[in-house]
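Taken together, the values in this text are just the output of simple stated rules run on the coordinates, not laboratory data. Predicted model, so just to flag it, every value in this text is computed and none were measured. All Cβ positions, glycine included, derive from the backbone under ideal geometry; neighbour counts span all protein chains shown.
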């Protein structure tokens with residue numbers, strides 16, 4: 001029995017996970033400063049929710065909440081929060097709030113602010129999903145979502161080539177790593193026997209002793225290393241600097257790049273503790289720590305220097321995760337917090353400098369401490385924390401790192417080298433921190449900046465001030481400020497038996513303190529030696545500058561994945577659609593013939609069915625219509641369309657003949673809509689060219705004969721397959737199960753409709769979502785299309801008006817079409833309400849309603865209809881999706897999986913008991929979306945038809961106008 005307190009905690013946990021996504025949806029509909037205010041309220045609510053969950057978490061509880069998603073596949077929306085996840089989630093919300101406040105001023109006057117804050121909220125939600133996931137597969141979903149949303153944020157200012165390149169590179173690298181992580185998680189779940197995070201975390205010995213451990217470790221590390229920008233995948237992170245500075249501050253401090261090290265620490269009890277883990281994780285971490293520090297010293301771009309410093313510090317955290325001892329894990333967690341604080345403040349400072357001076361080039365800056373003293377003070381504090389200066393937070397975690405580097409672990413060559421590598425890499429950290437301060441705030445003020453640089457607005461400096469104060473508070477009073485949080489997070493990773501570690505500013509004169517002081521001294525010496533040479537050289541050491549990862553990536557990946565395939569395509573294929581379709585059909589026919597030739601021994605012999613002359617005659621008529629359509633397409637396209645409709649009508653009759661009335665109704669309605677679509681689309685086909693040369697005519701005849709042979713072969717094969725499937729007994733037969741359970745399980749006698757809206761409702765939901773995407777895509781493409789008068793086929797080349805063009809295609813009097821509107825609405829309602837028990841349903845009703853609207857457009861013209869009838873198809877689609885989603889989520893209230901249906905009888909006065917099912921509401925969503933998507937596509941084509949007619953009228957009237965003038 002769940003207590004009220006536990007239920008409240010679960011609700012808070014679910015709200016913490018979904019709140020950013022809900023905010024992102026709301027932000028799309030707001031504008032101006034309201035977007036920033038709503039985003040700030042969301043982050044503030046996240047902090048409040050974390051605070052509400054902090055009590056039980058800090059007392060050692062692990063909070064859980066679970067919603068069944070696909071129970072049969074063991075997939076659930078499982079949320080889990082322990083001390084480590086709580087610390088990280090609180091950090092994300094806190095830094096996120098400061099970033100939103102900063103962005104409100106920094107992005108003022110920029111365009112698309114609601115979209116920016118919506119993406120920022122979605123990014124926050126994806127990161128919170130990684131932290132709170134209690135299921136391995138859901139963790140991977142949120143992992144990939146961070147890659148997708150970061151792609152949109154990095155390329156937010158997509159007008160610039162650098163932004164597009166940086167976003168593309170980041171997506172390719174992190175998404176490929178995500179695929180590796182997915183494979184690792186699937187294998188890990190297979191080894192453990194569950195994808196539940198609690199089960200996996202408790203199965204460390206079982207995983208390490210399994211033969212698949214090596215493959216799991218390799219794939220897992222590829223996923224973590226790509227996300228956290230470890231060597232050799234580090235080059236995507238500097239390219240992400242094209243993002244707006246608030247995005248850079250958030251991405252580099254508490255979100256995306258920290259996801260990789262979060263995963264390394266989280267799974268270190270499962271995959272760590274082996275020699276392979278130590279060599280791979282610690283080795284790559286130290287290489288990244290050193291490489292990032294060396295390159296950062298040579299960067300001239302302010303954000304570029306900070307980007308490589310982020311890479312360097314991520315390498316430090318990775319190395320600690322690879323060491324894996326109790327002190328190392330605690331130091332890694334501590335440095336995650338410290339790095340988030342000082343790196344967010346430094347990126348915001350870089351944004352302030354760029355905002356006030358108009359440049360981020362270190363060679364064009366200097367002396368800003370005279371005109372921006374407050375900003376200079378904040379930057380010096382944050383930079384000193386990054387360098388590891390005493391009495392600041394960065395010094396404490398770096399001293400803990402050096403203590404772990406000196407300690408003995410396994411006696412390997414890497415273990416013996418750790419103290420030396422750590423001192424050298426730490427020295428470069430101090431060197432680039434000194435260069436940052438000295439180049440920007442000291443020295444002479446450049447002439448170009450004199451008289452036009454001043455302090456930034458207060459709200460722009462407020463977040464930096466709070467972060468700098470945090471650096472001082474943690475550095476001076478670490479035990480009361482952050483000690484309990486770090487210890488609780490470490491116990492969540494390593495177990496409750498971990499002894500309490502006293503984080504203090506003074507541990508006596510020991511090796512770690514001496515190495516820390518040595519690294520600061522050596523870093524100062526490195527800067528003193530190179531300070532006059534670096535501004536004159538390239539952005540990196542000579543060797544590393546020539547071997548830049550971005551250059552290698554562009555050559556190996558982008559050219560290999562784009563240039564080479566294009567060359568192969570140019571030699572072996574064509575961009576024309578017809579040859580590609582011909583090749584696909586030919587391959588399918590070849591495989592079908594090969595399969596038939598194999599003569600599967602399990603296939604029972606087909607039954608011989610009774611011969612029906614009427615059915616054979618009907619098929620002969622349908623075949624004749626099909627052949628006639630193909631033949632007439634060469635001469636008269638409208639006649640071909642009419643014959644194609646005849647073939648479709650025979651298909652409808654075939655369904656009815658074979659006792660499939662639902663399919664017959666759906667086929668008939670779709671046939672009508674398709675005919676109208678083709679009717680409107682005929683006018684966009686290229687004009688026929690008369691008088692082709694004899695060689696071209698012969699080539700056309702050979703092509704048509706080849707297509708005829710392939711069509712006959714393909715059609716005959718499909719007919720044989722359909723006949724064999726329908727005449728061979730299948731044991732067991734899934735259809736029998738549906739027939740037996742449709743009424744008792746779904747509350748309906750129309751088995752087809754019950755399958756669509758109950759048994760397989762999730763499939764139907766995916767299909768209507770795809771239909772919505774297709775409708776919007778067609779609409780977007782047609783909006784951008786500008787028809788030229790000479791580019792389309794014209795029924796009457798002279799004096800063609802829009803109404804005359806439509807009248808040429810109309811065969812039914814317009815007045816009858818107008819009268820059919822209320823009749824078709826009643827038919828749509830009839831199909832909808834009877835669909836659960838008799839042929840019909842939401843899809844059939846939606847298509848019928850769409851036909852009612854379309855007839856109005858065919859009967860008159862676009863202007864006349866839209867002056868009297870407001871349709872708003874996009875709203876129909878949105879409402880349909882909301883109804884479908886709301887119906888599915890409603891089942892969660894009663895503890896059932898998504899889209900679980902319920903049926904019962906409802907007593908209505910004067911009528912009696914009436915069958916009712918929640919599936920009817922889902923069917924209503926299907927109905928609304930089908931109406932919206934169908935009408936949107938066809939009306940968009942109708943508008944283009946009217947536009948083309950106007951262009952032709954203008955073109956025909958142009959000479960006369962000239963004569964009048």
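So here's what we get for this one:
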item: Per-peptide average of other Cβ atoms within 10 Å, ordering 656-664, 428-436, 247-255 highest first; result: 247-255, 428-436, 656-664
item: Chain lengthening between residue 749 and residue 448 when straightened (0.36 nm per residue, less Cα-Cα); result: 100.2 nm
item: Estimated FRET transfer efficiency (residue 476, residue 408; beta-carbon r; R0 30 Å; 0.05); result: 0.40
item: Stretchable slack from residue 908 to residue 179, in nm (0.36 nm times residue separation minus alpha-carbon distance); result: 257.0 nm
item: Potential extension, residue 514-residue 531 segment - 0.36 nm per residue separation minus Cα distance; result: 3.6 nm
item: Nitroxide proxy distance, nm - points 7 Å out along Cα→Cβ at residue 506 and residue 591; result: 7.5
item: Kirkwood hydrodynamic radius of region 283-538, from inverse mean 1/r over distinct Cα pairs, in Å; result: 18.6
item: Highest average packing first - 897-909, 222-234, 303-315, 158-170, Cβ atoms within 10 Å; result: 303-315, 222-234, 158-170, 897-909
item: 335, 190 arranged by Cβ crowding within 10 Å, fewest neighbours leading; result: 190, 335
item: FRET efficiency, residue 359 to residue 711 (Cβ-Cβ, R0 51 Å, nearest 0.05); result: 0.20
item: Protection proxy ranking, peptides 113-119, 882-888, 123-129, 411-417, average beta carbon neighbours within 10 Å, highest first; result: 123-129, 113-119, 882-888, 411-417
item: Where labels lie 7 Å past Cα in the beta-carbon direction, separation of residue 769 and residue 51 in nm; result: 3.6
item: C-alpha center-to-center spacing [region 380-417, region 104-147] in angstrom; result: 32
item: FRET efficiency estimate (nearest 0.05) - Cβ-Cβ, residue 18 to residue 740, R0 41 angstrom; result: 0.60
item: Least to most buried among 295, 37 (fewest other Cβ within 10 Å first); result: 37, 295
item: Percent of Cα pairs exceeding the 19 Å cut-off, where the set is region 245-368; result: 50
item: Ranked list, fewest to most other Cβ atoms within 10 Å of each Cβ, for 408, 236; result: 408, 236
item: Pair residue 627, residue 783: separation of 7 Å Cα→Cβ label points (nm); result: 4.7
